[in-house]
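For reference, the structure discussed in these notes is given below.
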Amino acid sequence: MSFASRLTRQPIPHDPAAGADAACGFADLAPELQGLIAGTAGCSPYLKGLMGREGGWLRGALGADPDGVALTELDALADVALADLPAALRQAKRRIALYAALADLGGVWSLEQVTGALTALADRGVDLALKRLVAEEIRRGKLPGQGPDDAATAGGMVALAMGKMGAGELNYSSDIDLICLFDETRYPGSDAQEARAAFIRVTRKMSAILSDITGDGYVFRSDLRLRPDASVTPVCISMAAAEQYYESVGRTWERAAYIKARPCGGDLAAGWRFLRTLTPFVWRRHLDFAAIQDAHDMRLRIRDHKGLAGPVVIEDHDMKLGIGGIREIEFFTQTRQLIAGGRDPDLRDRTTVGGLAALAAKGWIPADAAEELTAQYRLHRELEHRLQMVNDAQTHRMPATPEGIDRIARFCGEGDTAVFRKGLKARLLRVAELTESFFAPGEAADGPDLTPQMAEIVDGWRNYPALRSDRARQIFKRLRPQLLGRMMRAANPDEALAAFDGFLSGLPAGVQLFSLFDANPSLVDLIVDIAATAPELARHLSRNSAVLDAVIGGSFFAPWPGVPVLVPGLVAQMEGAADYEKKLDIARAWMKEWHFRIGVHHLRGLVDAFEAGKCYAELAEAVVVAVWPVVLAEFARKHGAQPGNGAAVLGMGSLGAGRLNAGSDLDLIVIYDAAGVENSDGPRPLATRAYYARLTQALVTALTAPMPNGRLYEVDMRLRPSGRQGPVATSWPSFQNYQETEAWTWEHLALTRARPLAGNAALGAEIEAFRRGLLGAKGKGAQVRPDVADMRARLLAHKPGGGWEAKAGPGRIMDIELAAQTCALIAGDPARRVEAQLRAGARAGVISRAQEEALLSAYRLLWRVQAAGRLLSVPVPDPGQMGEGARAFVLRECGVDTAAMLGDRIAALTGDAAAVIDSVMAGQKE
């Protein structure tokens, strides 16, 4: 399609006399093209001048395919020599600028095509200048160790495009912001200093090629001041020096600048590697709501410095930095990206429009707000282009005179200046309205009246570590009325306030968390709910407050994803870490977030105790499955690959049965198959038995060692053959022989819940087949019931139970689990969960259906009590010592109205269950 056939906008209203002489040179073109050219020339002396200089080229370009014109000009630069490059780039700039202006004004190109063409020219200019200049330095012998072929990668030098150039959004008369770096690893020892001097020369010469004004004009004004500590550093520094700067003193505005950064010239691969090293600096893993205040402060400083505060007046209004301007939309977008982009790579879009769309897609901003800001952004950018097209000036200000406003209104296609003014002012005020509340939340109200005891607690908050800084106190001042108001609506406000006081006193710092609350009021409700219901959980939360990030991550209240989704998620997060300990610490933060999510769902009644138990078990399984290969790889790096056929990790006890509570540890055993191999073959080889013993210890350490994000789980390996006296890892032949010839009945009971989790899948399948066969054989023994009865008697002698105790005692969870495992063993059934084991016992005639139901009724109630108590961090709930919120949660979970009713129900059901188990041990059925 031709240029003329793609015109979508009406001719620009203009003074016919001003554009007539320009249009006459194109009198043979289509009338609509003549109108566009005349209107453009009438509004822009700069473009009129370009038409006079490049008129012959333009006539041919207007007959070509619009999508290929800019590319043709860029391709023509490929073989230009260094001496001819400045003039060739200036010619390309004139032509692309002229064509882009007409394509923009005629609606032939979209905003993205216009800015993309200008950015592509800047990229090509930077890349060619760098490579030609580095080639000259190499020719002169100024880059040690580099040959002619190294010019293709600019000898390890790269220019990073920042700001609008980095995003591919250059405006019509943009500066280009560049940071120039070099890869010091290519220059060992003293060579680095000589290379540094050469690259500084290259940077200065490149800037001159692009920026110097000659008889041919200029290409782009270049700005090198975004580099680290620009006032004292040279124009090109090493990547190592830049990385050290950002790690130590990098500021929020520099993080925001790197959202748009990309390599644009020179050694692009080295540039991308450098940007990857900055990922932790730019994209914080935790939700960074403190960035909002930083951005707000920056906005206010810019306004004060530029004198841009006050009412919106169209004359001389700054469309970039003024109220409701382009920067407001960019700050709004980038700040939201900084907040959440560390956790969600999908939000790391360099473009403003793309960033808004990504934020809306992930629920961080309303879709209608994103659409409206996108539309306003496009209109603002188009107006910005018109302002700059008039005289090729890097301006963002509206004209200061009514005549100037008239000209811009016409240039924007509006013949009625009053309509133009009204529409522009409405757009500016609307952008300010959409963005201002995000950056500048309102001042706090006074808050509710407090009793003297409450006031004393609140007065003490000023001495807590979380409120040491002025900034924390400022944010908390806005939050306090909302927090106190919510606590006053709790079932027992005094208890809620005391629990929140425990939470607040345990916080080591407050700015990030208070900013999180300030931007997400729903979190205030959640934290008060937790404080009012589970004070111990609130105190734990104060030491692990980063888990609150997960609440606003978009999917916190979505259905449980299951192991197939959890494992890849954790693996992907750990893969991003460079070293072993960092991987394990990432696993801890990840686990705590999911663990917290399960607890909140349970606390708020979104899942019951049984669903929560399944979720906790699947979370633990996912951790073991994902962490095992990481441990194995680190161990193999030192000691070689696993000798023989490798090992399998088995979950035992409640983990094997697939039901844990909030405070469960993990019962694990490790079985390996040496297959006759006696040693490993790594840098520090080990005998096979020692290898697997130390590998198992490494797994236990990986799960249990305290790190900045705490522990993963406590681990219990006493269910391995011979318990504490046996080796921590058991060979496959030894395990089979032990189970068949030496194991006690209680060890066969434990095997009823064993389940392969990780490691060699084939070995795991063999173990499972062996388990099934063994249960079928050993359950037929005459000693099973007497052995279990003897073990039960010893357990009950030490733990008599009573009250709301759910776990230990006659007819309680441990007692019922013992009976269920006995049923599974005698029945020779592979079932692992209590319900399935009891059903197997009923099918095999070990117990009657009535006995099964009596045991299940007690178990269901007791599990609810146990799960609720562990979530509340109260192993044995005592109704007399619990707060109102906690007691109400337990009663709700158990479906009763009063503590007395629950106590009576527990006593009745456990009494029935204990009687059933007595009968089972005696071999009696009802």
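The values are calculated or read from the model by the stated rules, or taken from the named source; none is laboratory data. Quantities reported herein were computed from a predicted structural model and do not represent experimental measurements. Glycine gets a Cβ as well: all are built from the backbone with ideal geometry, and neighbour counts include every protein chain shown. The area values use the complete protein model at the heavy-atom level, side chains included, leaving out ligands, DNA and RNA. Shrake-Rupley method; radii C 1.70, N 1.55, O 1.52, S 1.80 Å.
Points worth noting:
- Set side by side, the residues 430, 468 differ, and just one is modelled with pLDDT of 85 or more, of a type outside the set (S, T, N, Q) and surrounded by fewer than 16 Cβ atoms within 10 Å (Cβ to Cβ), which is 430.
- Verdict on residue 849 being open to solvent by 20 Å² or more (accessible area, probe 1.4 Å) and either under 46 Å from the mean Cα position of the chain (by Cα) or of a type in the set (Gly, Ala, Ser) (or both): no
- Here the range 586-605 is the region considered, the condition is being among the aromatic types (Phe, Trp, Tyr) and open to solvent by less than 40 Å² (accessible area, probe 1.4 Å), and the residue that is modelled with the lowest pLDDT is 596.
- Of the helices (runs of 4 or more DSSP H) lying entirely inside the range 710-795, those containing at least 1 residues that are among the β-branched types (Val, Ile, Thr) and buried (at least 17 other Cβ atoms within 10 Å of the Cβ) are 745-751, 761-778.
- Selection count where residues are in contact with a His (Cβ under 6 Å, 6 or more places away or on another chain) and either more than 20 Å from residue 895 (Cα to Cα) or surrounded by fewer than 22 Cβ atoms within 10 Å (Cβ to Cβ) (or both), scope the range 606-621: 1
- Residue pairs whose Cβ atoms lie under 6 Å apart, sitting 6 or more positions apart in sequence or on different chains, and linking a residue in the range 342-369 that is within 21 Å of residue 277 (Cβ to Cβ) and in a loop (DSSP other than H, G, I, E, B) to a partner that is at pLDDT 90 or above and among the charged types (D, E, K, R), are 350/260.
- Close pairs from the range 845-871: first closer than 15 Å to residue 905 by Cα, partner polar (S, T, N, Q), Cβ under 7 Å, at least 6 apart: 858/910; 866/661
- Flag if residue 143 is over 23 Å from residue 262 (Cα atoms), open to solvent by less than 10 Å² (accessible area, probe 1.4 Å) and out of contact with any Leu (no Cβ under 8 Å at 6 or more places or on another chain): yes
- Residue check for residue 502: in a helix (DSSP H, G or I), small (Gly, Ala, Ser) and modelled with pLDDT of 75 or more: yes
- Hey, residue 831 in contact with a helix residue (DSSP H, G or I) (Cβ under 7 Å, 6 or more places away or on another chain), open to solvent by 50 Å² or more (accessible area, probe 1.4 Å) and not charged (D, E, K, R) or not: no
- Every condition in (1) at pLDDT below 80; (2) surrounded by 16 or more Cβ atoms within 10 Å (Cβ to Cβ) is met by residue 297 except one, and the failing one is (2).
- Looking across the range 245-280, the residues that are of a type outside the set (Ser, Thr, Tyr), part of a helix (DSSP H, G or I) and either in contact with a strand residue (DSSP E or B) (Cβ under 8 Å, 6 or more places away or on another chain) or open to solvent by less than 60 Å² (accessible area, probe 1.4 Å) (or both) come down to 254, 255, 256, 257, 268, 269, 270, 271, 272, 274, 275.
- Flag for residue 197 being open to solvent by 20 Å² or more (accessible area, probe 1.4 Å), among the hydrophobic types (A, V, I, L, M, F, W, C), touching a Lys or Arg at 6+ places or on another chain (Cβ under 9 Å) and not in a loop (DSSP other than H, G, I, E, B): yes
- When residue 160 is tested against the conditions (1) under 17 Å from residue 269 (Cβ atoms); (2) out of contact with any Pro (no Cβ under 7 Å at 6 or more places or on another chain), the lone failure is (2).
- Meets criteria (assigned to a loop (DSSP other than H, G, I, E, B), in contact (Cβ under 8 Å) with a residue 24 or more places away in the chain and more than 46 Å from the chain's Cα centre (by Cα)) for residue 807: no
- Residue check for residue 81: closer than 23 Å to residue 215 by Cα and touching a residue at least 60 places away in the same chain (Cβ under 8 Å): no
- When residue 821 is tested against the conditions (1) buried (at least 20 other Cβ atoms within 10 Å of the Cβ); (2) in contact with a Lys or Arg (Cβ under 9 Å, 6 or more places away or on another chain); (3) not in a helix (DSSP H, G or I), the lone failure is (3).
- Selection over the range 626-665 of residues that are under 26 Å from residue 820 (Cβ atoms), among the hydrophobic types (A, V, I, L, M, F, W, C) and either open to solvent by 10 Å² or more (accessible area, probe 1.4 Å) or touching a Gly at 6+ places or on another chain (Cβ under 8 Å) (or both) gives a count of 6.
- Residue list for the range 95-112, restricted to those being buried (at least 20 other Cβ atoms within 10 Å of the Cβ) and of a type outside the set (Val, Ile, Thr): 95, 97, 98, 99, 100, 101, 102, 103, 104, 105, 106, 109
- Within the span defined as the range 439-447, one or more residues are in contact with a His (Cβ under 8 Å, 6 or more places away or on another chain), part of a helix (DSSP H, G or I) and modelled with pLDDT under 85.
- Residue list for the range 163-193, filter: open to solvent by 10 Å² or more (accessible area, probe 1.4 Å), part of a helix (DSSP H, G or I) and either at pLDDT 95 or above or out of contact with any Pro (no Cβ under 6 Å at 6 or more places or on another chain) (or both): 163, 164, 184, 185, 186, 192, 193
- Identification of helices (runs of 4 or more DSSP H) wholly contained in the range 837-926 with 3 or more residues that are of a type in the set (S, T, N, Q) yields 849-871.
- Taking the range 494-512 as the range and being without any contact (Cβ under 8 Å) to a residue 40 or more places away in the chain and crowded, with 19+ Cβ neighbours inside 10 Å as the test, the residues that pass are 500, 503.
- Positions within the range 825-835 being within 40 Å of the chain's Cα centre (by Cα) and assigned to a helix (DSSP H, G or I), in sequence order: 834, 835
- Residue in the range 393-401 that is modelled with pLDDT of 90 or more and out of contact with any helix residue (DSSP H, G or I) (no Cβ under 8 Å at 6 or more places or on another chain) present: yes
- Qualifying residue in the range 113-123 (condition: under 25 Å from residue 379 (Cα atoms), open to solvent by 50 Å² or more (accessible area, probe 1.4 Å) and within 39 Å of the chain's Cα centre (by Cα)): yes
- Close contacts from the range 310-332, counting a first residue that is without any contact (Cβ under 8 Å) to a residue 60 or more places away in the chain and a second that is among the β-branched types (Val, Ile, Thr) and open to solvent by less than 20 Å² (accessible area, probe 1.4 Å), with Cβ to Cβ under 8 Å and a gap of 6+ residues or different chains, come to 330/352.
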